[in-house]
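J.: First the structure, which I've put down as C-alpha cells, then a few questions once you've had a look.
The values are calculated or read from the model by the stated rules, or taken from the named source; none is laboratory data. All figures in this text were calculated on a predicted structure; none of them were measured in a lab. Glycine also receives a Cβ, built like all others from the backbone with ideal geometry; neighbour counts cover every protein chain displayed.
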Amino acid sequence: MTPELQLKQYKKIVSALYSFSENILAVDFSQLDYVLFLMLSSALDILKGSRASFLKYEKNDNVLRNRKTIQYKNGSLLVEDHEDKLKCLEIYLDNDFRSLFQKDRRMYVLNNAARNKFLSREIDNILNINSAHMIFYPVYFQDDFVGLIEIVRENKKNKFNELDQKFLKILLNFCSSLFSNIYLYEWAIRDTLTDCFAMTYFNKALDEYILYEKRYNETFCILMLDIDDFKKINDTYGHPAGDKAILFFVEMIRKVTRNNDLLGRYGGDEFCLILRKCTLKGAKCTAARILLELSNTKLSLKNEKINLSTSIGIAIYGKHGEDRKTLIESADTALYKAKQKGKNTYSVYNPRLKSSKK
C-alpha cells in the first residue's frame, strides 16, 4: 500500500470511529439490537467484509447461537428473508474450530478459511457466502466466555492486515462497557431463542405484580401454555425444526396480547403469561384468541405445512392463589386438565382439580 493510500485509509478509519463514538453516546444498555447493528455495520463498512455476526455462547448446551448477523454486498446492506433460519441456528462447539475461543481471548485471523475442515459454515451457507478470510474476536465478561464476533471477507486476494485488526480492536473497545451492561441486563433477563423473559426475571416481576395488586386491590391472570405433542415435532423434523416451532408459537401469542402483558419461557416449549389488569373473562378471551390464531396459521417445516395447537391453564390472582408459587401451581394444574380434555383447549383452575405432571 502506497503512503497516499495508507493515509487515505487512516483518515477513513478515524472518520468512522468518530461517527461511531457519536452514535454510541446516545445508546443505553437496554438497546442490544441497535448496539450490535451499529458495531457490526461499522466494521463491515470499513473492513469491506461480506458478513458480520455476533454469536452468543450458551454454556449449558455448549453451543453458539446467532444473536445478530448482517450481510453487505458492494457496500450496501442486504435485506433478505433469512431471519428465521439464522435465529434458530446453533453451532455445537464440541468439534468446531470456534471452541478455541472458550479459553483464548486473543483476536484471531484465519486466512484461507475454506480449507479449515473443523469450521462450521452454516451461516455462510444460509447467506450464500464463500468465506475466504475471517477475523474472530472472543467476547468475555469478567472470566466468562459469552460470545464471538466474526467478520468475513469473500475476496481471496484481500486478506485482513494489521491495520484492519487495529481498527476492529479500537471499535470494540468503544463497546466494552456497553457489552458489560448488556450482559448484566439484556442477556441475563432474556431467553436467547425467543427473546421472552427468562424465568429468574419473570418470577421477580410476578412477585412485584403481586405486591402491587395487594396494595391497589386490582387483579391479574396467569396463563400457562405449552405446545401439544411437541416431542413428536422434534422426533419427526429434528431439533432445529422444534426451535422454529417454538418461535412460531411465541409469534402467535404476541399477536393477540398487549404490550404490557409479560411473557416468560418457563422451560422447553412451556410458557407463562401474565395478563395485567385482566378479569377471568378477559383471560378466557385471550386464550381463545391464541387457539384461533394457531388454527388459522400454518407452520412450514421441511416443505410441509402443519398446524400447531396448545393447551392453556388459567389462574386468577386472589381467587386461585395470593403468592407466586400457588398461582403458578394453580395455572399448571389447569393446564394438565386441558390436556386431559383432549388438548387444543383451555381450562380454568378449580380447587377440586388434582395437580399432576403432564
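J.: Can you work out which of the residues in region 133-171 that are aliphatic (A, V, I, L, M) and within 18 Å of Lys59 (Cα to Cα) is surrounded by the fewest Cβ atoms within 10 Å (Cβ to Cβ)?
T.: Ranking the candidates gives Val146 first.
J.: Let me ask another. Which residue, of Gly282, Gly264, Gly318, is assigned by TED's automatic domain parsing to the domain that holds Lys244, surrounded by 13 or more Cβ atoms within 10 Å (Cβ to Cβ), in contact (Cβ under 8 Å) with a residue 60 or more places away in the chain and within 25 Å of the chain's Cα centre (by Cα)?
T.: Only one candidate qualifies: Gly264.
J.: Further question: Need the failing condition index for Ile149 against (1) hydrophobic (A, V, I, L, M, F, W, C); (2) within 30 Å of Tyr237 (Cβ to Cβ); (3) within 21 Å of the chain's Cα centre (by Cα), just the number.
T.: (2)
J.: In the list Phe174, Phe160, Phe141, Phe179, which residue meets the criterion of being modelled with pLDDT of 85 or more and touching a helix residue (DSSP H, G or I) at 6+ places or on another chain (Cβ under 9 Å)?
T.: Residue meeting the stated conditions: Phe160.
J.: Are any residues in region 215-234 among the aromatic types (Phe, Trp, Tyr) and over 15 Å from Cys278 (Cβ atoms), and if so, which ones?
T.: If the condition is that a residue be among the aromatic types (Phe, Trp, Tyr) and over 15 Å from Cys278 (Cβ atoms), then Phe230 is the only one that fits.
J.: So is Asn66 assigned to a loop (DSSP other than H, G, I, E, B) and either within 17 Å of the chain's Cα centre (by Cα) or exposed (fewer than 13 other Cβ atoms within 10 Å of the Cβ) (or both) or not?
T.: no
J.: Still on this structure, please answer the following. Mind checking which residues of region 37-63 are of a type in the set (S, T, N, Q), within 17 Å of the chain's Cα centre (by Cα) and either crowded, with 20+ Cβ neighbours inside 10 Å or not assigned by TED's automatic domain parsing to the domain that holds His133 (or both)?
T.: Passing the criteria: only Ser53.
J.: Please verify whether Thr326 is modelled with pLDDT of 90 or more, surrounded by fewer than 17 Cβ atoms within 10 Å (Cβ to Cβ) and hydroxyl-bearing (Ser, Thr, Tyr), treating the condition exactly as stated.
T.: So Thr326 passes the test.
J.: Moving on. For Lys339, indicate whether it is surrounded by fewer than 19 Cβ atoms within 10 Å (Cβ to Cβ) and over 23 Å from Thr219 (Cα atoms).
T.: Yes, satisfied.
J.: Among the residues of region 282-291, is any charged (D, E, K, R) and modelled with pLDDT of 95 or more?
T.: Taking every residue of region 282-291 in turn, at least one turns out to be charged (D, E, K, R) and modelled with pLDDT of 95 or more.
J.: Give the residues of region 137-160 that are assigned to a loop (DSSP other than H, G, I, E, B) and either touching a strand residue (DSSP E or B) at 6+ places or on another chain (Cβ under 9 Å) or charged (D, E, K, R) (or both), sorted by residue number.
T.: The answer is Asp143, Glu154, Asn155, Lys156, Lys157, Asn158, Lys159, Phe160.
J.: Let me ask something else. Of the numbered conditions (1) closer than 26 Å to Glu251 by Cβ; (2) modelled with pLDDT of 90 or more, Phe136 satisfies every one except a single condition; which is it?
T.: If we test Phe136 against (1) closer than 26 Å to Glu251 by Cβ; (2) modelled with pLDDT of 90 or more, just (1) comes out false.
J.: Of the residues that sit in region 83-93 and are at pLDDT below 90 and out of contact with any helix residue (DSSP H, G or I) (no Cβ under 7 Å at 6 or more places or on another chain), which one is surrounded by the most Cβ atoms within 10 Å (Cβ to Cβ)?
T.: Glu90
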